[in-house]
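Here is the structure we will look at.
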Amino acid sequence: MLTAKLKSVFSADRRFNRDVLWNVGSLAVLGLSGVVINVMIARDPDYGDDALGVFNQVFAFYIVLSQIAVAGVHLSALKHVSHNQDDREKCAAISSAAFILAGVMGLVVCGAAFLLRDWVGYFWKSPGISVGIGLIAPGLLLFAVNKVLISVVNGMRHMRAYAVFNGLRFVLIVLALIVMIRRDVQVNYLAASLSIAEAVLFLALFVYVNLRVTALWPTRETSKWFKPHLDFGLRGFLSGMLSEMNTRVDILMLGFFESDAIVGLYSFAAIPAEAFAQLTMVIRRNVDPIIGAHFAKGELDQIHDFARRVKRMVYAAMAVIGAAAVIAYPFAVKLFVADQRFAETWPFFAILTLGIVLRSGYVAFYGVLLQGGRPGMHTLFVAGVVLSNVILNAALIPLLGLYGAAIATSVVFVLEAFLIHVFAKRLLNIRL
């Protein structure tokens with residue numbers, strides 16, 4: 001039924017539909033991998049909640065720092081490659097320049113993270129975080145260049161390869177963790193799996209891009225693209241970094257106030273909730289070009305009609321899936337994890353899932369300000385959401401602990417939906 005409704009809402013050619021299906025599969029791998037990582041660490045008697053807390057806090061820092069490392073250059077590469085797909089020589093210059101820039105900036109962030117690792121561990125009161133950040137530092141350099149390479153693949157519309165490489169990163173993390181856990185690697189060293197995964201992904205991407213997409217070799221034209229990449233990337237990277245940061249604010253704030261073990265228990269519920277939230281990204285990827293086309297034609301009323309149909313479909317689907325996930329959660333935990341303390345995280349999962357469901361219909365239109373030509377206001381919107389998340393978590397965690405983190409994050413989900421509605425109406429004269 002859901003598939004039929006999607007087909008009625010989104011019309012596209014066969015290649016587009018095939019590409020969407022591949023990327024839905026990639027997103028499923030991403031979400032499932034996060035859950036598998038949690039379960040693997042939690043169920044091993046040598047690790048448990050303390051190890052899970054350290055790993056997920058380091059992963060949260062990795063997500064934020066990796067966005068700083070690439071500094072939006074991948075967005076410039078995607079735009080300019082997609083606009084010049086038929087000019088292979090130009091695409092080679094564009095790609096090479098972005099690759100070099102990402103490598104330089106990634107190296108700077110890599111070095112800074114390594115040098116500051118002990119300070120971060122001191123403020124978060126966790127020696128494990130210090131060790132973990134030192135181990136992810138090489139991965140930050142590799143992530144930056146990998147993000148550019150994946151964007152080049154995307155810009156040239158090699159969408160099946162794009163989906164495979166996007167999902168491969170998380171498959172590699174899982175495989176690295178399996179090897180490390182079986183070899184009884186010390187808790188604080190599990191974060192090395194992130195750098196290992198990026199290294200393998202880099203080798204695969206570098207070979208594929210050079211053989212199937214475009215040559216990565218500097219020419220006289222390459223230097224001409226450094227400034228355009230920097231200008232475009234720095235204008236767009238802040239909103240991207242803040243959006244990624246917003247997915248881990250609760251874990252980072254909880255880690256600041258509580259122990260690694262407490263963070264481990266909470267993150268066991270938060271990660272599958274985030275995987276559930278990713279379902280709306282499938283819809284958004286289809287929504288953005290459609291509303292963009294309506295904006296270009298000045299068809300604001302049609303955006304309203306389209307939004308009404310999409311919201312009705314998304315809310316119905318997410319409510320059913322969310323309810324099923326909340327009911328199944330405690331049974332699934334008991335089935336896969338021996339330590340029953342993790343089963344007691346059910347309330348946090350339920351609170352987070354409720355917030356995700358309540359915002360789901362509107363978050364499909366998360367890019368409406370960008371499509372409507374208001375990128376500056378989009379950045380302010382994202383910054384406001386992140387700031388609200390930080391303030392609410394800082395206020396509620398000391399009072400309510402784990403419940404405070406879950407409630408604060410869920411309230412911010414609802415606030416996000418409200419702001420999308422208000423900004424669209426006030427700034428674009430659109431009723432979503």
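The values are calculated or read from the model by the stated rules, or taken from the named source; none is laboratory data. Bear in mind the structure is a predicted one, so any value in this text is a computation, not a measurement. Reconstructed Cβ throughout: ideal geometry from the backbone, glycine too, with neighbour counts over all protein chains shown.
General remarks:
- Residue count for region 404-432, restricted to those that are over 25 Å from the mean Cα position of the chain (by Cα) and crowded, with 17+ Cβ neighbours inside 10 Å: 2
- Under the condition of being more than 14 Å from ALA112 (Cα to Cα) and touching a residue at least 60 places away in the same chain (Cβ under 8 Å), the residues counted in region 133-156 number 13.
- Pairs where the first residue, in region 92-105, is under 11 Å from VAL73 (Cα atoms) and free of Cβ contacts under 8 Å to residues at least 24 places away in the same chain and the second is crowded, with 23+ Cβ neighbours inside 10 Å and not small (Gly, Ala, Ser), C-beta under 8 Å, 6+ apart: none
- Residue that is closer than 22 Å to ALA191 by Cβ and of a type outside the set (Lys, Arg), where the choices are GLY155, GLY106, GLY72: GLY106
- The criterion of at least 1 residues that are polar (S, T, N, Q), touching a residue at least 24 places away in the same chain (Cβ under 8 Å) and closer than 30 Å to ASP50 by Cα is met by the following helices (runs of 4 or more DSSP H) wholly inside region 233-325: 260-277.
- Here is the figure for region 74-126: residues that are touching a Cys at 6+ places or on another chain (Cβ under 9 Å) and not in a helix (DSSP H, G or I) total 2.
- Filtered by the rule that a residue be assigned to a helix (DSSP H, G or I) and either in contact with a strand residue (DSSP E or B) (Cβ under 9 Å, 6 or more places away or on another chain) or without any contact (Cβ under 8 Å) to a residue 40 or more places away in the chain (or both), region 170-190 gives LEU172, LEU175, ALA176, VAL179, MET180, ARG182.
Rundown of residues vs (1) closer than 21 Å to ILE290 by Cα; (2) surrounded by 22 or more Cβ atoms within 10 Å (Cβ to Cβ); (3) basic (Lys, Arg), yes/no style:
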{"site": "MET313", "(1), (2), (3)": "yes, no, no"}
{"site": "ALA319", "(1), (2), (3)": "no, no, no"}
{"site": "ASP339", "(1), (2), (3)": "no, no, no"}
{"site": "PRO347", "(1), (2), (3)": "no, no, no"}
{"site": "ARG374", "(1), (2), (3)": "yes, no, yes"}
{"site": "THR379", "(1), (2), (3)": "no, no, no"}
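- Scanning region 221-232 for residues that are assigned to a helix (DSSP H, G or I) and surrounded by fewer than 21 Cβ atoms within 10 Å (Cβ to Cβ) returns THR222, SER223, LYS224, PHE226, LYS227, PRO228, LEU230, ASP231, PHE232.
- ARG88 falls short on exactly one of the conditions (1) surrounded by fewer than 22 Cβ atoms within 10 Å (Cβ to Cβ); (2) at pLDDT 90 or above, and that condition is (2).
- Output for region 56-112, where each listed residue is of a type in the set (Ser, Thr, Tyr), within 21 Å of the chain's Cα centre (by Cα) and under 13 Å from VAL152 (Cα atoms): SER76
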